[in-house]
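**Q** This is the structure I want to talk about, given as structure tokens.
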Amino acid sequence: MEGKEEEIREKVISRCKYLKGPVKTAVVPRLLIVYPWTQRFFDNFGNLSSATAIIGNPKVRAHGKKVLTSFGEAVKNLDNIKTTFSKLSELHCEKLHVDPENFRLLGDILIIVLAAHFGRDFNPACQATWQKLVGVVAHALAYKYH
């Protein structure tokens, strides 16, 4: 990423650092609600029977924070992203058997949540930058599948 994209990325990342809950706790619940088949990977999370149950589930919220923290680490380590996500890729591939398409879906959900949160500041240039970032992250998570 160069120039304007790097500037936009840094601006959005700096804003995300200050979010205490809205983005960090919204991504995974939305994924589980919009794509209900993803719930099968979270059978130990307790009640996922409705949107209300998912949104209020503390294990879902905690996992959302963990996911966004990992994503933040990836953004900081773009030059070494495959190494950054090597263990997570192995876990999702070999133990959890997560379809790598779900990584792309998670990225799409993140884009939607960011757009809703930042409103007009999440303009097309900003979205394009984040689309590239989530694509890189999804590819890194799918690395062990190849």
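**Q** Based on this model, can you work out whether LEU88 counts as of a type in the set (A, V, I, L, M), exposed (fewer than 14 other Cβ atoms within 10 Å of the Cβ) and either within 19 Å of LYS66 (Cα to Cα) or over 15 Å from the mean Cα position of the chain (by Cα) (or both)? Give the steps one after another, and end with the answer.
**A** Values: of a type in the set (A, V, I, L, M): yes; exposed (fewer than 14 other Cβ atoms within 10 Å of the Cβ): no; either within 19 Å of LYS66 (Cα to Cα) or over 15 Å from the mean Cα position of the chain (by Cα) (or both): yes.
When the stated conditions are applied, LEU88 does not pass them.
**Q** Give the residues of the range 28-39 that are crowded, with 20+ Cβ neighbours inside 10 Å and in contact with a Phe, Trp or Tyr (Cβ under 9 Å, 6 or more places away or on another chain), sorted by residue number.
**A** Correct list: VAL28, LEU32.
**Q** Let me ask another. Can you pull out every residue in the range 119-134 that is part of a helix (DSSP H, G or I) and touching a helix residue (DSSP H, G or I) at 6+ places or on another chain (Cβ under 7 Å)? Steps first, please.
**A** We begin by selecting, within the range 119-134, every residue part of a helix (DSSP H, G or I); these are 119-121, 124-134.
Across the range 119-134, the qualifying residues are ALA125, CYS126, GLN127, THR129, TRP130, GLN131, LEU133, VAL134.
**Q** Which condition does PHE42 not pass, out of (1) in a helix (DSSP H, G or I); (2) over 13 Å from the mean Cα position of the chain (by Cα); (3) loosely packed, with under 14 Cβ neighbours inside 10 Å, if it passes all the others?
**A** The single condition PHE42 does not satisfy is (3).
**Q** Give me the pairs, please: first residue somewhere in the range 81-92 and touching a residue at least 60 places away in the same chain (Cβ under 8 Å), second residue anywhere and in a helix (DSSP H, G or I) and not aromatic (Phe, Trp, Tyr), beta-carbon distance under 6 Å, and either six or more positions apart or on two chains.
**A** Hits for this filter: LYS82/ALA140.
**Q** Moving on. Given the criterion closer than 18 Å to GLN39 by Cα and of a type in the set (Lys, Arg), identify the matching residue among LYS76, LYS87, LYS82, LYS65. Explain how you work it out, then say what you get.
**A** On the way: LYS76 fails: closer than 18 Å to GLN39 by Cα; LYS87 fails: closer than 18 Å to GLN39 by Cα; LYS82 fails: closer than 18 Å to GLN39 by Cα.
The unique qualifying residue is LYS65.
**Q** I've got another one for you. Identify the single condition in (1) assigned to a helix (DSSP H, G or I); (2) at pLDDT 90 or above; (3) farther than 21 Å from PRO22 by Cα that ASN47 does not satisfy, given that it satisfies every other one.
**A** Failed condition: (1).
**Q** Another one. Among the numbered criteria (1) at pLDDT below 85; (2) under 14 Å from VAL28 (Cβ atoms); (3) under 12 Å from the mean Cα position of the chain (by Cα), which single criterion is violated by LEU133?
**A** (2)
**Q** Still on this structure: I'd like to check something: does the range 110-119 contain any residue that is touching an Asp or Glu at 6+ places or on another chain (Cβ under 7 Å), in contact (Cβ under 8 Å) with a residue 60 or more places away in the chain and under 23 Å from ILE81 (Cα atoms)? Break it down stepwise before answering.
**A** Of all residues in the range 110-119, those touching an Asp or Glu at 6+ places or on another chain (Cβ under 7 Å) come to none.
No, because not a single residue in the range 110-119 is touching an Asp or Glu at 6+ places or on another chain (Cβ under 7 Å), in contact (Cβ under 8 Å) with a residue 60 or more places away in the chain and under 23 Å from ILE81 (Cα atoms).
The values are calculated or read from the model by the stated rules, or taken from the named source; none is laboratory data. If you're wondering where the values come from, they're calculated on a predicted model, not measured in any experiment. Using ideal geometry, Cβ is built from the backbone for each residue, glycine included, and neighbour counts are taken over all protein chains shown.
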